[in-house]
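Here, each number is a calculation from the coordinates, and none is a lab measurement. Note that the coordinates shown come from a computational prediction; the quantities given were computed from them, not determined experimentally. Note that each Cβ is placed from the backbone with ideal geometry, even for glycine, and that neighbours are counted across all protein chains shown.
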Amino acid sequence: IRVPPAPSPRWKGLEDEQAAALLEAAATDWPRGGVIYLGLYLALRRAEIAALRWRDFDHAFEWVTIAGKGDRVRHLPVHPNLRDFLMPMRWPGEFVFPGRLGGHISTTTINNWVEAMGKRAGLGHLHPHQLRHTSGGKINDETGDIYVAQSWLGHVQVETTMVYTRLKDERLIAAMHELDWHGAA
């Protein structure tokens, strides 16, 4: 008996308008809003957000070093919007999001905060990994370079990155126009 192939994973990100609404809802809500900003602007996993330390940012808040999954390290530029949001919140403690008992907050807290912010923005149930999909998809959409998205997300294999991206109709239409060998409009 022939077994059908598993369905391809699909992109689970937010559309641009939804991401903008989420950022607007997050703009005045610290610390929950900080989780949204980090998820969208840096494509961080929830464990990476929870464990983020102030010292991971360079002095000018222009670059951040992320110790990610599988002990892989990546260096990412910090978007000016993220920098403007985080700099006033910086405090002398170690973690960006400190826990009540020392250390950092839990990933469950990250889940709860993202879900609350999603509801506040009128998006319903929202999971932290959707922020990562949104960021990876946006990077790929804007650059058209899957390898940039791969580096941004910290993936070893480009096949993994493909799950975080999508092919927009506009890119297919632009590709179709490239096949115009006879000068037809």
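What relative contact order, as a whole-number percentage, does the stretch 1-115 give when Cα pairs under 8 Å and 6 or more residues apart are counted?
Working: 112 pairs, mean separation 28.3, N = 115.
Relative contact order for the stretch 1-115 comes out at 25 percent.
Could you check the simple spin-label distance between ALA60 and ALA20, using points 7 Å along Cα→Cβ, in nm with one decimal?
In this crude label model, ALA60 to ALA20 measures out at 3.0 nm.
At 0.36 nm per residue, and after removing the present C-alpha to C-alpha distance, how many nm does the segment from THR28 to SER151 gain when stretched out fully?
Details: separation 123, 0.36 × 123 = 44.28 nm, distance 3.05 nm.
Once the chain is fully extended between THR28 and SER151, it gains 41.2 nm.
For the stretch 134-185, which GluC sites (Glu not before Pro) are in a loop by DSSP, counting at most 10 other Cβ atoms within 10 Å?
On the way: sites: GLU142, GLU159, GLU170, GLU178; in loops: GLU178.
Here the GluC sites (Glu not before Pro) that fit, given the DSSP loop and packing criteria, are GLU178.
What does the charge dipole of the chain about its Cα centre add up to, to the nearest 20 debye, if the Cβ of each Lys and Arg holds +1 and the Cβ of each Asp and Glu holds -1?
Numbers: 21 positive and 21 negative charges, 177 e Å.
Around 860 debye, computed over the chain.
Angle between the Cα long axis of helix 128-143 and the longest principal axis of the chain, 0 to 90 degrees, nearest 10?
That works out to roughly 50 degrees.
So what's the angle, to the nearest 10 degrees on a 0 to 90 scale, between helix 107-120 and the longest Cα principal axis of the chain?
70
How far is it, in nm, from the label point at MET87 to the one at ALA175 when both lie 7 Å from their Cα along the line to the Cβ?
Reported label-point gap for MET87 and ALA175 is 4.1 nm.
Using only Cα atoms, tell me the angle between helix 32-42 and the longest principal axis of the chain; keep it within 0 to 90° and round to the nearest 10.
That works out to roughly 40 degrees.
What 222 nm value per residue comes from the helices of the chain, counting each DSSP H run with n ≥ 4 as -39,500 (n - 2.57) and dividing by all residues, nearest 500 deg cm²/dmol?
On the way: 9 runs with 88 residues, N = 185.
Computed ellipticity for the chain at 222 nm equals -14000 deg cm²/dmol.
Express in whole angstrom the spacing between the alpha-carbon centres of the stretch 106-159 and the stretch 7-65.
Centre-to-centre (Cα) distance: 8 Å.
Hey, rough spin-label estimate for ARG10 and VAL73, points 7 angstrom out along Cα→Cβ, what's it come to in nanometres?
Between ARG10 and VAL73, the simple spin-label model gives 4.0 nm.
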